[in-house]
1. Take each of the peptides 37-45, 251-259, 114-122, average the number of other beta-carbon atoms within 10 Å over its residues, and list them starting from the highest.
2. Evaluate the charge dipole of the chain about its Cα centre and quote only its size in Debye, nearest 20, assuming +1 on the Cβ of each Lys and Arg and -1 on the Cβ of each Asp and Glu.
3. Taking the simple approach of a point 7 Å from Cα along Cα-to-Cβ for both Trp174 and Arg398, what is their distance in nm?
4. Which of Val348, Ala231, Thr370 sits farthest toward the positive end of the charge dipole of the chain, with +1 on the Cβ of Lys and Arg and -1 on the Cβ of Asp and Glu?
5. Give the residue from Ala331, Gly358, Ala491 lying farthest towards the positive end of the charge dipole for the chain; charges sit on Cβ (+1 for Lys and Arg, -1 for Asp and Glu) and the dipole is referred to the Cα centre.
6. Around Gln144, under 11 Å between beta carbons, what's the net of Lys plus Arg minus Asp minus Glu among the other residues?
7. Count of lysine pairs in the chain with Cα atoms under 27 Å apart, counting only pairs 8 or more residues apart in sequence or on different chains?
8. What order do you get for 235-246, 79-90, 273-284, 320-331 when each peptide is scored by the mean count of other beta carbon atoms within 10 Å, highest first?
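Please treat every number below as a calculation from the coordinates, not as lab data. These numbers were taken from a predicted model, which means no experiment stands behind them. Cβ placement follows ideal geometry from the backbone for every residue including glycine, while neighbour counts extend to all protein chains displayed.
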Amino acid sequence: MTAPSATRPSANSLDAVVIGSGPNGLSAAVTLARAGLSVRVYERNATVGGGLRTEELTLPGFRHDVCSAVHPLALASGFFRRFGLEKRVPFIVPTASYGNPLAGGRVAMAYRDLERTADALGVDGPAWRALLGPLVADADAVAQFTGSQLLQLPRHPFVAARFGLTAIAQGGPWWDLPFRTEAPGALLSGVFAHTTVPLPSVAGAAAGLTLATYAHARGWPVPVGGSQAIADAMVADIVANGGEIVTDTPVASLAELPDSRIVVFDTHVKSAVDLAADRLPGSYLRRISRFRDGNGVFKADFALSGPVPWANPELNETATVHLGGSRREVARAENAVASGRTSDAPYVLVSQPSLFDGTRAPAGKHVLWTYTHVPRGSTEDQTEAIIRRIEEFAPGFRDLIIGTATKNAVQMEQHDPNYIGGDISAGAPDFGQLVARPVLSADPWRMPGRGLYLASSSAAPGPGVHGLGGYYAARSALRHEFGFTRMPDLAPGPGQTIARPVDALPDPAHPHELPEQ
């Protein structure tokens with residue numbers, strides 16, 4: 001499939017160098033290697049994956065996801081569907097995508113089954129069905145629209161218009177008008193708060209509605225073995241197609257790299273322009289200087305002697321729990337962070353993958369992944385605040401803790417320079433910076449210096465483990481630098497088929513048994 005205008009590199013040069021091995025760097029390398037180009041990926045850490053790494057952070061035998069844990073986009077992303085990720089990595093799909101405990105032992109649950117969710121919401125069931133039902137029915141079109149560059153004409157304009165109107169309806173102070181009880185608003189605001197933007201807001205609503213749509217359309221899957229399994233599948237494909245991976249090699253200057261036709265940056269855009277400043281025009285550098293970072297996260301991982309003792313056992317049907325209380329309480333906590341303060345009653349995002357995946361911890365033990373939002377650059381320790389928040393809904397949780405690993409916002413950046421100030425989105429995901437990410441352009445992945453491409457979450461379509469930033473950067477490079485008119489096939493060969501997504505319910509008697517494939 002090599003285009004006629006493409007030329008093979010000399011023995012001492014490459015077609016493509018990729019800096020960074022996060023999901024977008026790896027997706028770019030997969031695409032370029034599948035096109036028959038010579039590709040080398042440079043990673044500063046000893047292991048690949050970026051936000052997909054899984055490591056023993058607390059105690060031996062307890063495998064924690066370093067950044068991302070549950071993957072709503074894994075079964076919906078256009079790149080991962082082309083790549084056939086679900087055939088390469090075994091996923092478990094819980095029957096409930098997420099849950100929100102409420103005061104008095106009540107709980108609101110977003111089941112994968114839309115009708116079950118609506119029935120459980122009682123008098124608000126029809127409103128939930130009316131809000132999300134049309135988006136769920138057109139989930140593939142929603143994925144195409146939300147996973148593309150927003151300046152492009154949508155392939156499905158009516159779906160895009162419906163989605164936009166729904167985001168506006170849920171993005172302002174009128175967001176509770178459709179509902180009569182607090183449960184549906186709590187469910188929605190819990191998922192809207194995955195962003196670090198004030199609530200209510202159109203950007204938070206748009207991101208949250210995307211995730212809520214996938215919650216019913218395909219579920220929120222958990223990769224068996226941890227998020228590292230996703231990175232490993234992409235690395236295997238890169239190597240199988242002639243690509244190279246170089247670890248333990250930070251790149252301080254482009255002069256350190258071998259000659260190559262293109263350089264793809266899976267880095268924060270500010271790091272990319274620092275490396276390539278002498279090859280970029282001043283106008284671009286000035287525009288990037290106005291790119292804003294968002295607020296940060298404080299992350300706490302726990303090794304537990306048993307499962308979280310939720311007061312309401314329905315929460316054991318999901319790997320993802322949003323601890324924030326009512327819609328008003330979630331908004332209050334997130335708006336405190338937006339104003340530069342930590343909240344006395346923080347919103348905490350919790351994942352317990354070991355309920356469904358027995359590879360994560362020794363028999364009978366569990367891992368727990370948590371984070372809360374904090375002001376950018378915060379050094380405040382939120383461990384106790386997180387434990388107290390969990391204890392509100394799971395009395396006795398504290399007594400199960402046998403190991404803890406934490407990172408404040410500054411330590412998050414020290415761990416990964418892409419997370420400036422602890423911002424795991426590599427740039428504030430507000431509405432303006434989702435339209436112009438990192439600049440207003442029909443091809444934001446193509447930097448103005450020849451052969452330079454931006455693939456990270458700093459570029460459209462923004463944060464999330466979807467691989468689309470890397471895929472789009474590679475697509476642009478293949479067209480502009482190598483003359484390709486067709487994209488390469490990314491599907492796995494027959495020998496690479498591993499598993500399909502499976503439904504899962506934890507068995508309290510055997511919590512670590514993997515459901516049959």
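1. 37-45, 114-122, 251-259
2. I would put it at about 1460 debye.
3. Distance between label points: 4.6 nm.
4. Value computed over the given set: Ala231.
5. Ala491
6. So the surrounding residues net to 0.
7. 5
8. So the peptides 235-246, 79-90, 273-284, 320-331, ranked by packing, come out 320-331, 79-90, 235-246, 273-284.
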